[in-house]
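Below you'll find the structure, written out as structure tokens, and then a few comments.
The values are calculated or read from the model by the stated rules, or taken from the named source; none is laboratory data. Since we're looking at a predicted model, the values are computed, not measured. For neighbour counting, all protein chains shown are included, and Cβ atoms are generated from backbone atoms with ideal geometry for every residue, glycine included.
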Number of protein chains: 2
Amino acid sequence: MTKHDNRPLTLRDVSEASGVSEMTVSRVLRNRGDVSDATRARVLEAAKTLGYVPNKIAGALASQRVNLVAVIIPSMSNMVFPEVMTGISQILDETGLQPVVGITGYMPEKEEQVLYEMLSWRPSGVIIAGLEHSDASRAMLRAAGIPVVEIMDVDGTPVDSVVGISHRRAGQQMAQAILKAGYEHIAFLGTKMLLDHRARKRFEGFTETLAKAGVEIEDSDFYSGGSALAKGREMTRDVLNRSPDLDFIYYSNDLIGAGGLLYLIEQGVDIPKEMGLAGFNGVNLLRGLPQELATMDSCRLEIGRRAAEIIIERSGSETPQDPKRIVLEPKITYGDTLRVR
Amino acid sequence: MTKHDNRPLTLRDVSEASGVSEMTVSRVLRNRGDVSDATRARVLEAAKTLGYVPNKIAGALASQRVNLVAVIIPSMSNMVFPEVMTGISQILDETGLQPVVGITGYMPEKEEQVLYEMLSWRPSGVIIAGLEHSDASRAMLRAAGIPVVEIMDVDGTPVDSVVGISHRRAGQQMAQAILKAGYEHIAFLGTKMLLDHRARKRFEGFTETLAKAGVEIEDSDFYSGGSALAKGREMTRDVLNRSPDLDFIYYSNDLIGAGGLLYLIEQGVDIPKEMGLAGFNGVNLLRGLPQELATMDSCRLEIGRRAAEIIIERSGSETPQDPKRIVLEPKITYGDTLRVR
DNA sequence: CTGAAAGCGCTAACAT
DNA sequence: ATGTTAGCGCTTTCAG
């Protein structure tokens, strides 16, 4: 029998071509069990000649093992998640595990859909951004019987393990740093954050700490969509028109912060004397601005790495272990825009 | 019989819980064939109560259908590929198809690995960046018997279909625009492009066209790694130290262009009179710079959309059709940094 | 070291 | 409208 149509090749084709049983071919191709060098060579030869690519679907069904790790994140165009992915890949690359990404667009129903879709491929683990999920999503995660790591944020109740920073505390710390530097008339500019819980928590931590010091936010504004740099510019212009007495602006991300910085420099504002600025994320991309924007590292790479390590550690053992909780400590970079006045 | 361990639920569990045959349960869950409303309701109820998630591995093996499209790209931190992904998702979202991303890091061997890995899941199609692949990769693509779309670039010989722009022509057109505007002392700054074939082709098209007009590139430099903005700044400073007579710099991407722009503005250089600048990609992110950088749209979103459309169109029909070739025409945006002198 | 048999969980194709 | 049967292509398990 030879192969006449264009159905994909099977183990059987390799078996026939090499005169070795399917089982032994399988062993050779997976490097499992003892196979004589002669047999191994014949099989490899045949597989290569035919151009055989194993069918992982069949393999996974038979072995009940899938080397996939589901990674579920809100967005890819964000500059923060690609870096998390890099961290995850760095660690998984050494093992046989492969990340598979799903994007939710910050929408809980979409998250539910994506999660369902990914779980139906029976991955070895799930890494998912945030702690806020629909009840159904949480139920699925629990029922899946695989390691789950929620990442980025630790302010809340995880399903299983969690790796991240406290965004609430990040907001608090930035508020403290700003107060300590002597600024008093403070505004907040950010994204509309109905669904970005981490931005919201930073905002809450920020205002809380100011309030405790008897300082009220004097102005704030929230945008959605468009180029962040341009938005930062516009919002900064507008907020200063409304509230000319401001001496500090805290931005919810570095990109709008950079827009504001560029605008203020053009206006001849003396930074950080007349006006201080800070962003969030520690976006390396932005090094090279006329002045370095104060910011706070969100530990993206490290979060990705640690999450992947947890998945590896657990996908090995059969019995579920105690959930891990890893809280990273972001550091403030003062740059040129947040200095004692 | 009830379920006592934590093995994942199967169709059989739903079947027993609802008192309906596995086959009918399967039909309900897939919305296929006629099922009475009463039965449907009972099945749905049972599935929901149990928290059943279908096993796509088994489904795919049985039906020989996989709703996955492999997308293979060099990088995600690049700002160009996330946008391609967005285009792909926009189109695939309406069908049942799901993109699955693999990253190659611009390394041919890694590409081969990733491709092998993805093909072993028997996806419905492949979208892969570039036209340059190892012989083995090309062989796999051909042998897979599924629609393949190579994207971004059209200068070369595709395996099957192709959607992109001519980077060679993009370089040529920018050269023409620069010459027409009256610039004569031109430098090129870019990334090390041994493996970025598209950047190389732009460079070649650029120098060719200049050469035809009797103009030689007066200086050039290539970087790798680090923050693009900062690199653009440094390289611009250095190239002007070496070649103070320059009146135009063509950057291989918008980000280093932006770095150069910021540097030159600080130096009080009159742009575009004393010095003209242009980048490449049409990165929307950068709107909001003090001056708008001249650039050329690389049609990323459209490329993603068209590629996805081709996959959909073909993954339906059984017989392979003629390869498609879609050449998009990027337009120059002159911005504030490329003007007739 | 190699092979044969029995599924993995689902769906195509055929009954009824 | 619903059920039955026979695999999908591989790996596990058990025999040689």
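Of all the residues that make up segment A:61-77, how many are surrounded by fewer than 19 Cβ atoms within 10 Å (Cβ to Cβ) and at the interface with another protein chain (Cβ under 7 Å from one of its Cβ atoms)?
The qualifying residues number 1.
Of the residues A:G282, A:G276, A:G259, which is closer than 20 Å to A:I178 by Cβ and within 11 Å of chain B (Cβ to nearest Cβ)?
Within the list A:G282, A:G276, A:G259, the selection yields A:G259.
Tally up the residues in segment B:212-237 that are of a type outside the set (S, T, Y) and within 14 Å of chain A (Cβ to nearest Cβ), please. First the steps, then the outcome.
Looking only at segment B:212-237, we keep the residues that are of a type outside the set (S, T, Y), and these are B:212-219, B:221-222, B:225-226, B:228-235, B:237.
Okay, now just the ones that are also within 14 Å of chain A (Cβ to nearest Cβ), so B:225-226, B:228-235, B:237.
Final tally of qualifying residues: 11.
Would you check if A:A199 is in contact with a Pro (Cβ under 9 Å, 6 or more places away or on another chain) and either exposed (fewer than 15 other Cβ atoms within 10 Å of the Cβ) or in the same structural domain as A:L255 (by TED's automatic domain parsing) (or both)?
no
Yes or no: B:V53 more than 9 Å from DNA strand D (Cβ to nearest atom) and either of a type in the set (S, T, Y) or part of a loop (DSSP other than H, G, I, E, B) (or both)?
Taking the combined requirement at face value, the residue satisfies it.
With respect to A:A47, is the statement that it is away from chain B (no Cβ under 14 Å) and more than 7 Å from DNA strand D (Cβ to nearest atom) true?
No; evaluated as a whole, the condition is false for this residue.
How many residues, within segment B:1-22, are part of a loop (DSSP other than H, G, I, E, B), away from every other protein chain (no Cβ under 14 Å) and within 11 Å of DNA strand C (Cβ to nearest atom)?
Final tally of qualifying residues: 1.
With the requirement that a residue be within 17 Å of A:M235 (Cβ to Cβ) and without any contact (Cβ under 8 Å) to a residue 40 or more places away in the chain, what does segment A:163-220 give you?
Passing the criteria: A:K192, A:I217, A:E218, A:D219, A:S220.
Specify the residue that is farthest from the other protein chains (Cβ to nearest Cβ); the eligible residues are those in segment A:23-33 that are part of a loop (DSSP other than H, G, I, E, B) and within 10 Å of DNA strand D (Cβ to nearest atom).
Per the stated criteria, the residue is A:G33.
For (1) buried (at least 19 other Cβ atoms within 10 Å of the Cβ); (2) on the phi > 0 side of the Ramachandran plot; (3) more than 15 Å from the chain's Cα centre (by Cα), each residue gets a yes or a no:
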{"site": "A:Y52", "(1), (2), (3)": "yes, no, yes"}
{"site": "A:G59", "(1), (2), (3)": "yes, no, yes"}
{"site": "A:P82", "(1), (2), (3)": "yes, no, no"}
{"site": "A:P99", "(1), (2), (3)": "yes, no, no"}
{"site": "A:G102", "(1), (2), (3)": "yes, no, no"}
{"site": "A:K110", "(1), (2), (3)": "no, no, yes"}
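Considering only segment B:1-22, state which residues are away from DNA strand D (no atom under 14 Å from the Cβ) and more than 26 Å from A:P123 (Cβ to Cβ).
B:M1, B:T2
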